[in-house]
4 protein chains.
Amino acid sequence: MSSNSIGKIFNFTTWGESHGKAIGCVIDGVPSNIRLQENDIQPFLDKRKPGQSKYTTQRKEDDKVEILSGVFEGLTTGHPISLIIYNSDQRSKDYSDIKDKFRPGHADYTYWKKYGIRDYRGGGRSSARETAMRVAAGAVARKIINQKISNEAKITGALVQIGNSKINYNNWNDKNISENEFFCPDEKIVSEWKNLIDNARKDGSSLGAIIEVRASGIPVGLGEPIYDKLDSDIAKALMTINAVKGVEIGNGFDCVYENGKTNVDEMIMKDGKPIFLSNNNGGVLGGISSGQKIIARFVVKPTSSIISERRTIDTDLKETSISTKGRHDPCVGIRAVPVGEAMLATTIADHCLRFF
Amino acid sequence: MSSNSIGKIFNFTTWGESHGKAIGCVIDGVPSNIRLQENDIQPFLDKRKPGQSKYTTQRKEDDKVEILSGVFEGLTTGHPISLIIYNSDQRSKDYSDIKDKFRPGHADYTYWKKYGIRDYRGGGRSSARETAMRVAAGAVARKIINQKISNEAKITGALVQIGNSKINYNNWNDKNISENEFFCPDEKIVSEWKNLIDNARKDGSSLGAIIEVRASGIPVGLGEPIYDKLDSDIAKALMTINAVKGVEIGNGFDCVYENGKTNVDEMIMKDGKPIFLSNNNGGVLGGISSGQKIIARFVVKPTSSIISERRTIDTDLKETSISTKGRHDPCVGIRAVPVGEAMLATTIADHCLRFF
Amino acid sequence: MSSNSIGKIFNFTTWGESHGKAIGCVIDGVPSNIRLQENDIQPFLDKRKPGQSKYTTQRKEDDKVEILSGVFEGLTTGHPISLIIYNSDQRSKDYSDIKDKFRPGHADYTYWKKYGIRDYRGGGRSSARETAMRVAAGAVARKIINQKISNEAKITGALVQIGNSKINYNNWNDKNISENEFFCPDEKIVSEWKNLIDNARKDGSSLGAIIEVRASGIPVGLGEPIYDKLDSDIAKALMTINAVKGVEIGNGFDCVYENGKTNVDEMIMKDGKPIFLSNNNGGVLGGISSGQKIIARFVVKPTSSIISERRTIDTDLKETSISTKGRHDPCVGIRAVPVGEAMLATTIADHCLRFF
Amino acid sequence: MSSNSIGKIFNFTTWGESHGKAIGCVIDGVPSNIRLQENDIQPFLDKRKPGQSKYTTQRKEDDKVEILSGVFEGLTTGHPISLIIYNSDQRSKDYSDIKDKFRPGHADYTYWKKYGIRDYRGGGRSSARETAMRVAAGAVARKIINQKISNEAKITGALVQIGNSKINYNNWNDKNISENEFFCPDEKIVSEWKNLIDNARKDGSSLGAIIEVRASGIPVGLGEPIYDKLDSDIAKALMTINAVKGVEIGNGFDCVYENGKTNVDEMIMKDGKPIFLSNNNGGVLGGISSGQKIIARFVVKPTSSIISERRTIDTDLKETSISTKGRHDPCVGIRAVPVGEAMLATTIADHCLRFF
């Protein structure tokens, strides 16, 4: 019943604090005889790792992953894969500022009330640093998906909105995603986003963002009614990411502006195969994949750690204020892109292993 | 690992098909010595049951619930509570129309591909009829919440938008909710909604809706990091409801229009107690309840069963079309209100039992 | 986390009290398109049901099982199978004797302390009546095993010892098992057992028994290291049966009288296939089936409900004594045979579904 | 559903191979604010570690445990505790002998068939080396038990039989256990056991053993009917230990030689408290702890790795023979004592956390 684990068959457990010795995860349920080495995982970690552009935190972490078990002579053995990343930058900061204060918008107050103790260094367990291990697990999940389904199956994530600035979907080009600091598929909006972030930073503030994740090449049949629906598991998985406040599938909340006639995805035959004339349902019908592209979006709230002073209380229940100095992401949504991809990948891998 | 079960400590399993002999659920994890009888459950079922107004389906079901186990001399024993509702209206319909056709927007195609067999009568297991048992489980969950927390703790749901017509939150009045056919808290908008539904029906179409559910009186500390967060469990629970395509917590997707300064919920002391100056986070911080009102919203797509003809294919993979006659809800979102309340209640009860 | 459920993929949940309205179970994880009807289940229930010979309890129960869901036109649909048996004989007894007294050797005292309430009628939930539903689930499990592996796969149980009287394994004949009141494979010992039981009854006492269960035709590879080993899951499953105090696999406790040279099961090739020269390990190596016959034994303690007076206390913590009159099995081990078979079958079905 | 995890609330997951880089475990469910450091765990590992006497394997492992997470300033935080032991002696051996041969009595054949790959170095994942992490988890479990129940609660294990030589229970003295190489509570039998082991070794053979584990100071009420009974969970936990072939509770298999009159544990009042006149049920009634001492026994088969040549086959399905040279325990039952204690402790801790 571990609440630090997710997945029923492809199951991973993460551990570690932001400024502890290390972070890690144990992945169980990986089939045997899949070729796997650190190099299959590292590129995804590199996408998420801090300090890569001026639009993300300047914390320096190599995030070098090491496989400690479950792989023998380059192949998975069917036994748990233990991954570890040693924290290299964990001693560089003085936390006396936040030791006794609850940063508003963070888990500080709730953890302290729930546990009566908290590792305040960088948020301890509640830090988004934990998501590095999700990305690592996601890389392993991709290997499973590609082996069980096909190499055509693909998981992609992109930032589609920062603040009130939304991409033009007509400009979507997958190639753009890796060519800017924002994982943005619409190159025409990139400079606008740079300005937005710069302005937010100058203002001592931060911005929210919306991320879209897609899985293509997924066959019909993944997902289990009634309570382990593919989309409800995706919703849960994405909602566990730090700072996420909403999740939607297909046209999501916008379906309220459709009606029964416009919203159903009609079916016809094409080249001897059933196809759909639209994808308002985001590739999931009755909780089960329909063979269409799976599409989900989630919103990440503006970073709560900002330099502008905000009112709060301390552990003595005295009123005070806090200004979070240091190396914070002006828009945590950016680095949430590889994390969202990873959570979609692990959820699909889990259902893959139930299906095949 | 039953995919027909949900909850870790307060756990319930549902069974039964829309037009089978009966539907039922087994609730495990209920503490002993809670006073419970059918009358504690029936009123909630009555709110959800079909045939109550001209704005919902005309199917006639008494939905009389019977407790078969787990209660002795009016008190729970700590053992599984088995509930059953016999289907009374299950033989009245001829299903030859849909027997071999996949209703677009439904689970027909995906179930058929996944299982190679489907109980086509009224959707079988994929029918929203299953949600009656969620409402029953929700009634039991409320008893637990009230016993473990206090009688002040309260779960309320309301419809806040139909099609493009949204309530005015300033007009919200809890009392209104039970006084109209829509569970609408804003009495001023009710007549507009009547027109909307009438028009949709005349047009052979249907409408989507947004439901808001709230839990008040919940203490700080419910929820478990990292993967069993209170809000990720709520998201999953709501997303399992038929036709739901999106879920959000607090200000949800709208947080993208805020910034770090406006979005954090600042804290002050009042009458010796910590309070928050806003509730953008919807009562959850770091996945743990903060003591504020818990607020979630979910969107229900327009009913897929409509009388207007739509293109589809059949089990022989031939193109055809379908027009769903009969007694369907023009807006399934209406009857989703008590279901949403129930799923919020069962999720909170589950975390209650982990906490206390 | 329901403690009234067992199995990860083939998962069933039982509910109901000895003298409540009904008992039932919900089986999840059953693949679709398996032919199933009440008649596939009833014969196994008939083997277990009370009142069949003078060597078991005289309680009269038809134990007629009814399938309420999950089967459509004679085939499983992949959805939960709900089974129910209405209690017919539940009102015939006066329980004033045991209402306030704790029957020694029973769960009365521990349930009362744990729950603060107990359904004392016939033991309520702790009654062996619950095992009827295990037998029903076992019948469904057999269908899965036969479909997934082959019709040759077979689960058999037999009584091998009553009191100090043990069968001669050389006389073992599967055919005998169904031809006497004891499920005894050695016809030569049957009359001795009759005398033993008669004497125990005359003496106001009862006897213990050892049951052996076997599964043949099981391929190599079922079972999961490290904590879901096939044999540890079998041990757990058998140990959950009422009154069981020990479980062993293969030569079990007798292996302590072997040594490394005599105990290892050597392997050779025969007709191009690996075979073992012995089966001390009972068909399981490292927690995984080896392709040999799976063999387990469990011991059932002498029935605690006896007519001879025994010292005990009551709910007021006063000393008293109790003599359990009525219709009790002089050796509950006899009716435990079909239950043991069922638990072996459900455990193997569960691992089957993980394997295939 | 990880099969490398055990426990529902106190849950731990182990990882690592005998000759990989490291072994480790992640413990979840540990309450916050328990004082914990490496020194609380190390003494238990030292009891199990190899190379301590001439009666156990001569493999040299320091088995130094390191806490990587979940502890802050000496106190548990409520978050996962990650423990690691680096393998120091893992490169010293040449495995060419067993690389292609299946050691009879081991998991070699079944793992190879199940996974199509195996880490043959020292048995890889199937090695008893994995049990070091159980001992570590057991040490943490003891801290929980002592905090939740009382410091009086105590878990003890002892060897009660080697080969056909059984202790005299009248000579049982807890103090003896730590004063000989066998964890033997009867000092009078120690020299006989030394001879037995010496002879077995000279004979190129090995011996089986029976271990008894006890928990005292456990209150009434731990354990959950029907399928998570305390004794069925203990049975499972002990059965997962390498080479265990049987488990019993209380008088176990010997109950078959009792009758209803002699076997029930009668109750009386003493000093205002209910007490039992015997403990044939081993401290568990109806699956729930009765307040008496919890007593379980398990049998460990004779070590399968022996120097005497035995017939087997290889990965090419050719007949061959094998003689396992090297540093093996002549009686693995000895080092199973701390492992058995640990599994009893973790099972009780798990039920403790459900109860309190």
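The values are calculated or read from the model by the stated rules, or taken from the named source; none is laboratory data. A quick note: this is a predicted structure, and the numbers were derived from the prediction, not measured. Glycine gets a Cβ as well: all are built from the backbone with ideal geometry, and neighbour counts include every protein chain shown.
Some observations on this one:
- Some residue of the range D:104-112 being touching a helix residue (DSSP H, G or I) at 6+ places or on another chain (Cβ under 7 Å) and away from chain C (no Cβ under 14 Å): no
- For the range B:179-195, the criterion of being β-branched (Val, Ile, Thr) and under 30 Å from B:Ile288 (Cβ atoms) is met by none of the residues.
- Verdict on D:Asn173 being in contact with a helix residue (DSSP H, G or I) (Cβ under 8 Å, 6 or more places away or on another chain), more than 19 Å from D:Gln52 (Cβ to Cβ) and without any contact (Cβ under 8 Å) to a residue 24 or more places away in the chain: yes
- Checklist (1) within 30 Å of B:Leu196 (Cα to Cα); (2) at pLDDT below 95 applied to A:Val284, failing item: (2)
- Meets criteria (at the interface with another protein chain (Cβ under 9 Å from one of its Cβ atoms), closer than 30 Å to C:Pro274 by Cα and assigned to a loop (DSSP other than H, G, I, E, B)) for D:Gly291: no
- Options B:Glu258, B:Glu224, B:Glu266; residue that is surrounded by fewer than 24 Cβ atoms within 10 Å (Cβ to Cβ), at the interface with chain A (Cβ under 7 Å from one of its Cβ atoms) and over 20 Å from B:Ile210 (Cβ atoms): B:Glu266
- Breaking point among (1) modelled with pLDDT under 95; (2) crowded, with 23+ Cβ neighbours inside 10 Å, for C:Gly157: (1)
- Filter result for D:Phe102 (within 24 Å of C:Asn280 (Cα to Cα) and among the aromatic types (Phe, Trp, Tyr)): yes
- If you check D:Tyr95, D:Tyr120, D:Tyr111 for being more than 20 Å from the chain's Cα centre (by Cα) and modelled with pLDDT of 95 or more, only one passes: D:Tyr111.
- Taking the criterion of being in contact with a Lys or Arg (Cβ under 8 Å, 6 or more places away or on another chain) and either within 14 Å of chain C (Cβ to nearest Cβ) or at pLDDT below 95 (or both), the residues of the range D:79-92 that qualify are D:Asn87, D:Ser88, D:Asp89, D:Gln90.
- Taking the numbered list (1) surrounded by fewer than 24 Cβ atoms within 10 Å (Cβ to Cβ); (2) within 14 Å of chain B (Cβ to nearest Cβ) in turn, A:Arg142 passes all entries but (2).
- Number of residues in the range A:51-77 that are modelled with pLDDT of 90 or more, small (Gly, Ala, Ser) and either surrounded by 15 or more Cβ atoms within 10 Å (Cβ to Cβ) or in a strand (DSSP E or B) (or both) equals 2.
- If you filter the range A:4-50 down to residues that are among the acidic types (Asp, Glu) and buried (at least 24 other Cβ atoms within 10 Å of the Cβ), you find that the one that is farthest from the other protein chains (Cβ to nearest Cβ) is A:Glu17.
- Hits in the range C:103-119 (condition: over 18 Å from D:Phe276 (Cβ atoms) and surrounded by 24 or more Cβ atoms within 10 Å (Cβ to Cβ)): C:Arg118, C:Asp119
- Test: D:Ala139 is of a type in the set (Gly, Ala, Ser), in contact with a Phe, Trp or Tyr (Cβ under 8 Å, 6 or more places away or on another chain), within 30 Å of B:Gly221 (Cβ to Cβ) and touching a residue at least 60 places away in the same chain (Cβ under 8 Å): yes
- When each of D:Asn280, D:Asn195 is tested for being of a type in the set (S, T, N, Q), farther than 28 Å from D:Ile9 by Cα and more than 8 Å from every other protein chain (Cβ to nearest Cβ), the lone residue that passes is D:Asn195.
- One residue stands out among those in the range A:30-41 that are in contact (Cβ under 8 Å) with a residue 40 or more places away in the chain and not in a loop (DSSP other than H, G, I, E, B): the one that is nearest to the chain's Cα centre (by Cα), which is A:Ile41.
- Any chance C:Val71 is closer than 30 Å to B:Glu130 by Cβ and under 20 Å from the mean Cα position of the chain (by Cα): no
- Taken over the range D:299-324, the criterion of being more than 7 Å from chain C (Cβ to nearest Cβ), closer than 26 Å to C:Ser232 by Cβ and outside any strand (DSSP E or B) is satisfied by D:Ser305, D:Thr324.
- Options C:Ile241, C:Ile189: the member that is touching a residue at least 24 places away in the same chain (Cβ under 8 Å), buried (at least 19 other Cβ atoms within 10 Å of the Cβ), closer than 18 Å to D:Met239 by Cα and more than 7 Å from chain D (Cβ to nearest Cβ): C:Ile241
- Residue in the range C:296-318 that is on the phi > 0 side of the Ramachandran plot and of a type outside the set (A, V, I, L, M, F, W, C) present: no
- Test for A:Ala132: is it of a type in the set (Gly, Ala, Ser) and either surrounded by fewer than 20 Cβ atoms within 10 Å (Cβ to Cβ) or within 14 Å of chain B (Cβ to nearest Cβ) (or both): yes
- Within the range A:163-182, not a single residue is at the interface with chain B (Cβ under 10 Å from one of its Cβ atoms), buried (at least 21 other Cβ atoms within 10 Å of the Cβ) and among the aliphatic types (A, V, I, L, M).
- Positions within the range D:299-344 being hydrophobic (A, V, I, L, M, F, W, C), over 20 Å from C:Gly260 (Cα atoms) and surrounded by 16 or more Cβ atoms within 10 Å (Cβ to Cβ), in sequence order: D:Val339, D:Ala342, D:Met343, D:Leu344
- Qualifying residue in the range D:299-311 (condition: free of Cβ contacts under 8 Å to residues at least 60 places away in the same chain and out of contact with any Ser or Thr (no Cβ under 9 Å at 6 or more places or on another chain)): no
- Filter result for C:Ile85 (in a strand (DSSP E or B) and β-branched (Val, Ile, Thr)): yes
- Tally of residues being closer than 22 Å to C:Arg121 by Cα and assigned to a loop (DSSP other than H, G, I, E, B) across the range C:9-29: 5
- So B:Arg125, is it within 25 Å of C:Pro80 (Cβ to Cβ) and basic (Lys, Arg): yes
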